[in-house]
Every structure is written in C-alpha cells, then in structure tokens.
C-alpha cells in the first residue's frame, strides 16, 4: 500500500510519499514529479516511506537531477528509517540534497 500526494506551500511544491514505493507505485510517483517539473523549489518528503525499491529510488533521483539541471532548488526529507538507509547504502545521501526533517528542508528552501 502506498500514497503519493502533492502539496503546494507558497513557492515550494512538495511530493509526500507514504508506504511502500516499488515498481507498482513508480508510475504514480513519476506523474507527481511530472506535474511539478517547472516549480522553483521541490521538496520530496520520504519520512513515511516504509520500503523503496530501485525503481522508486530512480524516480526520485531523476526528479532531483531534472530540477537541479534547470536551477530549481531541491530537498529530500530522509529522517532516520528505511528510506534513509537505502540512500546511505547507495551513497545517494551524499550526492543529493538531503534534510533530516520537513521543517529543516522548508527552512533551507525558503532561505
């Protein structure tokens, strides 16, 4: 079971994902990122994700890289937990702009 929501907060667009993100959830995740491809700030909140496979991780990486390529600012919320561990194992937590909490990410994007 999973859920992907889009939340607009001022100039910051947020994709909030919950549950298990796998190949079945990837199209929904891709659609959400596609709807937000021209936003100036993108926040990806993975704090309620219990599982991510490589397909879902790839969606997040592509969205972050696409935004960065057009000079949009991106933050990925990865508190301690399953999603963070996946990003640490793959060292993506060093390659992508990661925040420990949604509040920290919003503060960084608002600055």
Next item on the list: Pairs only if they're at least six apart or on different chains, beta carbon under 6 angstrom, first in region 25-41 and farther than 21 Å from residue 10 by Cα, second modelled with pLDDT of 95 or more; list them, first residue then second.
Entry: 26/55; 26/56; 26/59; 28/4; 29/4; 29/59; 30/59
Check: With respect to the numbered conditions (1) surrounded by fewer than 16 Cβ atoms within 10 Å (Cβ to Cβ); (2) free of Cβ contacts under 8 Å to residues at least 40 places away in the same chain; (3) over 17 Å from residue 15 (Cβ atoms), which one is the sole condition not fulfilled by residue 93?
Finding: (1)
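The values are calculated or read from the model by the stated rules, or taken from the named source; none is laboratory data. Everything numeric here is computed off the predicted structure, so don't read it as measured data. Please note: Cβ atoms are built from the backbone with ideal geometry, for glycine as well, and neighbour counts cover all protein chains shown.
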